[in-house]
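Participant: My questions all concern the structure below.
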Amino acid sequence: MPTEPVLAAIERLCDTIEDCYEFTLSYAAKGLSTDQGSDLGGQLREKLARATEAMRELENACAAAARELALAPAATHERFFAILARDAEISIAALELVLAQPVISSQLIDNLNASIHLRALLTDLFLVTEIFSLRQANPAAKT
């Protein structure tokens, strides 16, 4: 089985996390008191679980991309990837806390979406994907 190209892997992981975030925004707007007994509730839990798994894969995927693209200075990129990993771990904790609840209301999801930690991770993802995209488009650029 062929290995997925590292930049494609990062794009897939980011898309999974962003898809979850967009879904949670719409879920929060519904004003539901519970996720029980609805297709939306099942979708919500599935998207939260998939986003959690994607967050767990981010650090290794970014490290692999940095090696493949020979990003320099390496220490600068490694420091940022450490921050991204920390923000992912904190976001995972928040998502797992929500998933552990027997009932997930729209208000709970609204509070999750407002989390500075989740927003920090999303901003990290926007920054890193743009950097990788620019580096891939301009491989001859001075590092």
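Rule-based calculations on the coordinates, nothing more; no lab input. Remember, predicted model here, so these are calculated numbers, not experimental data. With ideal geometry, Cβ positions are generated from the backbone for all residues, glycine too; neighbour counts draw on all protein chains shown.
Participant: Using the C-alpha gyration tensor of segment 1-140, what are the square roots of 5 times its eigenvalues, in whole angstrom, with the largest one first?
Facilitator: Values: eigenvalues 199, 42, 29 Å².
Listed largest to smallest, the semi-axes of segment 1-140 are 32, 14, 12 Å.
Participant: Now a separate question. Any idea which of Val128, Leu13, Ala75 is furthest toward the positive side of the dipole for the chain, if Lys and Arg beta-carbons carry +1 and Asp and Glu beta-carbons -1?
Facilitator: Comparing the listed Cα positions along the dipole, Ala75 ranks first.
Participant: Still on this model: Mind putting a number on the dipole of segment 6-137 about its Cα centre? Charges go on the C-beta only, +1 for Lys and Arg and -1 for Asp and Glu, and I need it in Debye to the nearest 20.
Facilitator: Here segment 6-137 has a charge dipole of around 160 debye.
Participant: Moving to a separate point now. In segment 1-110, what trypsin sites (Lys or Arg not before Pro) fall in a loop by DSSP, with at most 14 other Cβ atoms inside 10 Å?
Facilitator: Sparse-neighbourhood loop trypsin sites (Lys or Arg not before Pro): Lys30.
Participant: Sticking with this one: What residue among Cys62, Ala51, Ala28 has its Cα farthest toward the positive end of the dipole of the chain, where the charges are +1 on Lys, Arg and -1 on Asp, Glu, each on the Cβ?
Facilitator: Cys62
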